[in-house]
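The values are calculated or read from the model by the stated rules, or taken from the named source; none is laboratory data. Since the structure is predicted, the reported quantities are computational estimates derived from the model, not experimental observations. Here the Cβ positions follow ideal geometry from the backbone for every residue, glycine too, while neighbour counts run over all protein chains shown.
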Amino acid sequence: MEILNTTNTISLLFERVKDKQEEIHRWLDSHEGAKDLPLYSSVDIRDAGFKVSVVDTNIFPAGFNNLCEHGLKDSESLIRTAINKRAANCKDILIIAEEHTRNAWYLENIRILQQIIERAGFRVRIATFLNVQPAFYETAKCIELETATGALVKIYCVRKVLEEFQAGRERIDLIILNNDLTTGIPEILKNSSVPVYPSLQAGWHSRSKRRHFDYTRDLICEFARILEVDPWLVSCLHNVADKVDINVESDRQKLMDSASDLFNRIRVKYQEHRIGEKPYIFVKADSGTYGMGVLPIEDPHDIMTLNHRNRNKLHMGKNGQLIDRYLLQEGVPTIYNIDQEVSEVCIYQIENNLVGGFYRSHISKGQRDNLNSQGMVFKKMCPHLSKYGDCGVHHDINIFDFYRILARIAGIAAHREIIQLEATLK
């Protein structure tokens, strides 16, 4: 295995990809095949210049409003194919959304998702569980809310819609989840006769980032063998710590020990590849999204002296869920700076087919920070840059194609993860 010159690692990696393009795509096709890959997904990628890696994969993406017009158009035919594969003669679809009824940008996301599916030829309604604000539906069949762009979106009550379906007064051929089921699977969905995608078993009530990155690591090792490079150059190392109460000193010691082991493994790789930067890691809730329960750590001993504010960040996740299992993940700094804002790449896929993406940017964050936090902005990238030069941020097509391969690998890993969850939880 050759040690690449880390001053221009990504360009050199791309040359390897270009030389082995046919073999790589045969390999990807062999893993994708006719499988039910995730209905949709978003993949966060960090490029440090000396390495590049997937750092997060979301099976319930919530940024369709950040895709460019050409990506949205591509989405229509791809979602049509994906839906018809899952439900023959499908006409009526129910999207189950998050309860972010006060989040105008999430409402815009769900409106755009509805628009994509309607333009693909289906009738679509949006509903949510309304556990937080049940009074919305006491006197009305649905409510109409304004999104961040001023458009209106109708939201129904999941329970009422499904009760009407069970009584034979409504038709639903397919349910599409845009809700990550953090708190578990609602009873009304457990015995649903309607197909549900993504899988009910793939919510954060059971999904694990560690398990996902274990599957990703196995695939990356195969990919790296084709390229004849160290897998570390296209992945990040990780550890896990379980049954940890971040507010208990002895548990923080346990977390610090796991972090120390990870730091040591990263230092070995930095020395091997002659990287002069200082290693760091992210401590993340092993289950969860929206950038919650995430903290960068520059030294393992910092875990023992976390202040009250940072302990709270790591103690409570979405919907007040307690965090007691952590993924410790190698930090990958980002080289991107767009409009003087530190940025990272996010790729959107439908059944592992590219529909575009965006750069997540943050003016008040640094290259080593978590950018998925309050104050972030999104800059669209076009999946057809060579054809439409004026759509979104300009990026190197060669590098972008390399990111696409990593995103497909993440989608295959997510598929394996879902299959394992369905086998063990049903």
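Things worth noting here:
- Restricting the range 133-149 to residues that are surrounded by 12 or more Cβ atoms within 10 Å (Cβ to Cβ) and closer than 25 Å to Thr183 by Cα, the residue that is modelled with the highest pLDDT: Leu145
- Checklist (1) surrounded by fewer than 24 Cβ atoms within 10 Å (Cβ to Cβ); (2) under 19 Å from Ser75 (Cα atoms); (3) modelled with pLDDT under 95 applied to Asn353, failing item: (3)
- Options Lys35, Lys73: the member that is outside the structural domain of Ile399 (by TED's automatic domain parsing) and over 28 Å from Gly276 (Cα atoms): Lys73
- In the range 56-90, of all residues being touching an Asp or Glu at 6+ places or on another chain (Cβ under 6 Å), of a type outside the set (Gly, Ala, Ser) and assigned to a loop (DSSP other than H, G, I, E, B), the one that is farthest from Thr147 (Cα to Cα) corresponds to Cys90.
- Candidate set from the range 356-387 (those that are charged (D, E, K, R) and in contact with a Leu (Cβ under 9 Å, 6 or more places away or on another chain)); member that is surrounded by the fewest Cβ atoms within 10 Å (Cβ to Cβ): Lys380
- Asp286 vs. criteria crowded, with 17+ Cβ neighbours inside 10 Å and touching a residue at least 12 places away in the same chain (Cβ under 8 Å): yes
- Restricting the range 164-194 to residues that are touching a helix residue (DSSP H, G or I) at 6+ places or on another chain (Cβ under 6 Å) and either of a type in the set (Asp, Glu) or part of a loop (DSSP other than H, G, I, E, B) (or both), the residue that is modelled with the highest pLDDT is Ile172.
- Candidate set from the range 107-132 (those that are surrounded by fewer than 21 Cβ atoms within 10 Å (Cβ to Cβ) and modelled with pLDDT under 95); member that is nearest to the chain's Cα centre (by Cα): Phe129
- Trp27 meets each of the listed conditions (1) under 19 Å from Ile175 (Cα atoms); (2) touching a residue at least 12 places away in the same chain (Cβ under 8 Å) apart from (1).
- For the range 88-106, residues that are among the small types (Gly, Ala, Ser) and buried (at least 19 other Cβ atoms within 10 Å of the Cβ) total 1.
- Residue tally, condition within 20 Å of Glu144 (Cβ to Cβ) and either in contact with a Gly (Cβ under 6 Å, 6 or more places away or on another chain) or not hydrophobic (A, V, I, L, M, F, W, C) (or both), over the range 93-124: 14
- Residue in the range 269-276 that is in contact with a strand residue (DSSP E or B) (Cβ under 9 Å, 6 or more places away or on another chain) and not in a loop (DSSP other than H, G, I, E, B) present: yes
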